[in-house]
1. Of the residues L178, L231, which is away from the ligand (no atom under 16 Å from the Cβ), crowded, with 19+ Cβ neighbours inside 10 Å and without any contact (Cβ under 8 Å) to a residue 60 or more places away in the chain?
2. Looking at region 135-164, which of its residues are outside any strand (DSSP E or B) and either closer than 26 Å to D202 by Cβ or not assigned by TED's automatic domain parsing to the domain that holds G185 (or both)?
3. Return yes when V159 is away from the ligand (no atom under 16 Å from the Cβ) and buried (at least 24 other Cβ atoms within 10 Å of the Cβ) and no when it is not.
4. Of the conditions (1) at pLDDT 95 or above; (2) in contact with a strand residue (DSSP E or B) (Cβ under 8 Å, 6 or more places away or on another chain); (3) within 15 Å of the ligand (Cβ to nearest atom), Q338 satisfies every one except a single condition; which number is it?
5. Here is a list: I168, I199, I211, I192. Which entry is surrounded by 18 or more Cβ atoms within 10 Å (Cβ to Cβ), modelled with pLDDT under 95 and either of a type outside the set (S, T, N, Q) or closer than 22 Å to L115 by Cα (or both)?
6. When only residues in region 273-294 that are within 13 Å of the ligand (Cβ to nearest atom) and out of contact with any Phe, Trp or Tyr (no Cβ under 9 Å at 6 or more places or on another chain) count, which is farthest from S258 (Cα to Cα)?
7. Among the residues of region 62-93, which ones are of a type outside the set (D, E, K, R), more than 11 Å from the ligand (Cβ to nearest atom) and more than 22 Å from the chain's Cα centre (by Cα)?
Amino acid sequence: MLQRIVIIGAGFAGMYAALSAARLRHANGVSPKDLEIALVAPEPTLVVRPRLYEPDPETLTAPLGDVLKAVDVLYVQGRVEAIDTNAGSVEAVDPQGQAFALAYDRLVLATGSRLFRPPVPGLAEHGFSVDQLGDAIALDLHLKDLAARPETTARNTVVVAGGGFTGIEVATEMPARLRAVLGEGTQVRVVIVDRGEAIAPDMGPGPRPIIESAMRDLGVETRLGAGVEALDGTRVTLTSGEFIESETVIWAAGMRASPLTEQVAAERDRFGRLIVDPQLRVPGAPSVFAAGDTAQAATDDLGHSSLMSCQHANRLGAVAGYNAAADLLGIPTEPYRQKNYVTCLDLGGAGAVFTRGWDRAVEMTGDKAKATKVEINTKWIYPPAADREAAFAAAEWARLVDY
Ligand SMILES: Cc1cc2nc3c(=O)[nH]c(=O)nc-3n(C[C@H](O)[C@H](O)[C@H](O)COP(=O)(O)OP(=O)(O)OC[C@H]3O[C@@H](n4cnc5c(N)ncnc54)[C@H](O)[C@@H]3O)c2cc1C
């Protein structure tokens with residue numbers, strides 16, 4: 001009898017879940033006619049989200065159709081709207097608006113995350129972001145359009161709300177992006193606003209002086225201990241009472257797991273991620289695995305957990321796909337483990353900073369770290385070639401090899 005694994009999402013976690021499940025199926029000599037692996041997503045495309053702060057974001061995608069075909073994974077075009085864990089089925093809508101249902105024996109939920117936009121007056125109408133492909137394209141078009149506007153302080157100023165990883169990467173990229181649009185000699189201004197008392201709170205004290213020095217070199221200002229209270233397209237009001245003239249506000253503060261996580265009756269963390277067991281199964285829903293930004297999993301026995309990052313999404317996806325297939329093939333599942341953790345933060349024209357370990361010991365800075373960042377962002381995180389052996393090798397690498 002045909003059994004089916006349904007994977008929802010074509011991001012980093014969904015891609016590796018599909019490749020890893022297909023590898024195990026193949027390794028056990030099981031035909032796709034007996035165990036179908038179906039990946040459901042709106043497009044058969046990987047959006048390279050970590051690069052969305054760069055110019056020309058419409059180029060920052062990679063096709064997945066051929067690699068999925070190479071490993072006999074069925075791509076199903078659609079957006080999933082409901083999950084019925086009792087019936088073991090998902091309901092989706094195709095691009096023509098037609099609803100359809102897909103039954104599953106095992107489900108891997110890998111629908112990622114979204115930027116959380118609080119109800120700040122003016123944010124919905126005037127705010128930009130680099131969260132999803134469409135957001136990054138809208139920002140890019142807006143920046144290009146600034147050149148046609150009269151030169152004012154507001155035109156030449158970008159405010160970035162949020163001084164975490166994404167806020168810093170987008171802010172340090174902005175001086176060069178603005179000058180490329182407005183002219184090299186233009187006096188541009190970039191300001192990061194953050195409610196916290198220190199920039200890059202998650203990075204800790206090790207890399208902070210490097211980040212602060214990079215921001216000084218690039219002329220990126222900060223307003224700490226203050227939030228954005230309102231914006232109207234020409235002016236930003238801060239909670240401190242300060243006004244900043246700006247036609248461009250980029251929101252980069254706070255992520256939430258995909259709303260589909262709410263459809264599985266299980267405990268979720270403060271970001272909305274499903275808290276999964278070591279096999280990445282959702283407690284209380286034994287046929288459901290969660291991976292990537294939809295899951296919170298322990299990475300080791302020392303109290304560390306997965307973060308919303310590609311690094312974790314790749315491994316989580318590969319392990320979830322493996323376990324979903326193992327379960328149906330009657331072979332032992334494997335616990336998720338990810339001992340090593342590195343970060344590589346882009347600092348625009350000032351290079352990058354590369355850290356290793358959960359205490360973020362600085363290992364590389366400047367041009368050397370930047371070369372690593374470019375390599376990660378242009379090679380490592382892209383899909384493997386559309387070739388069965390290459391795809392299976394990449395899946396095993398993602399599942400087992402530590403950085
Ligand atoms: C600007 C930016 C910079 C970043 N920088 C870094 C970095 O330097 N390093 C790092 O490790 N991480 C970085 N990240 C985080 C990283 O991109 C995410 O952690 C990663 O994309 C998560 O992978 P995922 O597969 O869980 O989700 P995603 O990549 O978000 O993929 C989700 C998939 O699910 C699909 N989907 C969503 N809803 C549905 C639905 N209802 N039905 C069907 N399909 C659906 C989407 O279309 C997509 O295919 C960055 C993110 C951003 C936005």
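1. L178
2. D135, A136, L139, G162, G163, G164
3. Values: away from the ligand (no atom under 16 Å from the Cβ): yes; buried (at least 24 other Cβ atoms within 10 Å of the Cβ): yes.
So V159 fits the description; yes.
4. Status for Q338: all satisfied but (2).
5. Details: I168 fails: modelled with pLDDT under 95; I211 fails: modelled with pLDDT under 95; I192 fails: modelled with pLDDT under 95.
Only one candidate qualifies: I199.
6. Filtering region 273-294 for residues that are within 13 Å of the ligand (Cβ to nearest atom) and out of contact with any Phe, Trp or Tyr (no Cβ under 9 Å at 6 or more places or on another chain), the one farthest from S258 (Cα to Cα) comes out as F289.
7. Listed by number, the residues that qualify are A70, V71, V73, L74, T85, N86, A87, G88, S89.
Residues checked against (1) within 24 Å of F12 (Cβ to Cβ); (2) touching a residue at least 60 places away in the same chain (Cβ under 8 Å); (3) not assigned by TED's automatic domain parsing to the domain that holds R281:
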position: L74; (1), (2), (3): yes, no, no
position: R79; (1), (2), (3): yes, no, no
position: I83; (1), (2), (3): yes, yes, no
position: E91; (1), (2), (3): no, no, no
position: G97; (1), (2), (3): no, no, no
position: A101; (1), (2), (3): no, no, no
position: L107; (1), (2), (3): yes, yes, no
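The values are calculated or read from the model by the stated rules, or taken from the named source; none is laboratory data. The structure displayed is predicted, hence computed values, not measured ones. Cβ: placed from backbone, ideal geometry, glycine included. Neighbour counts: every protein chain shown.
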